[in-house]
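FYI, it's all coordinate maths here, none of it is from the lab. Computed from a prediction, not measured in an experiment: that's the story for all the values here.
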């Protein structure tokens, strides 16, 4: 069930974005011990005219400053409740490192948010995860 989405300015090389998808997916699967068939990771590219940096469209900022020190990628993850704080911390560190390296962004510019959702409020094929994956959810809590 883990899902992750990174919002970045449009214009990164496609191979770099594809590498981010691969590396982020591998890190998430390893840290959470999650099967890759339940993992979804995607990139949302935002038009630089529609992204504000310090109140100015990014397209204008990028004419004066390098992308590396201007852009602020935002990674948002949604996980079922029951993951440990250590796993959250490891995800934050790993995805920040991958993003900085693969997209050539200053690490201090990267932001990440992890939202936890109760298994009763996450549906899989029309069935709450609390019902469909009760045994897995219970095992995570021990």
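By the helix-only formula, in which each DSSP H run with n ≥ 4 contributes -39500 (n - 2.57) and the sum is divided by residues, the chain has a 222 nm mean residue ellipticity of -11500 deg cm²/dmol.
Of all DSSP-defined beta bridges confined to the chain, some 40% are antiparallel rather than parallel. Radius of gyration (Cα atoms) of the chain, expressed as a multiple of 2.2 N^0.38 Å: 1.16. With 0.36 nm allotted per residue and the present C-alpha distance subtracted, the residue 46-residue 134 stretch has 27.9 nm of extension available. Among 60, 23, 71, which one moves the most in a GNM of the chain with springs linking Cα atoms closer than 10 Å? It is 60. Which angle from 0 to 90°, rounded to the nearest 10, does the C-alpha axis of helix 85-103 make with the longest principal axis of the chain? Taking Cα atoms only, the helix is inclined about 30 degrees. When every alpha-carbon pair in segment 77-142 is counted, what percent end up more than 13 Å apart? In whole percent, the share of Cα-Cα pairs in segment 77-142 beyond 13 Å is 68.
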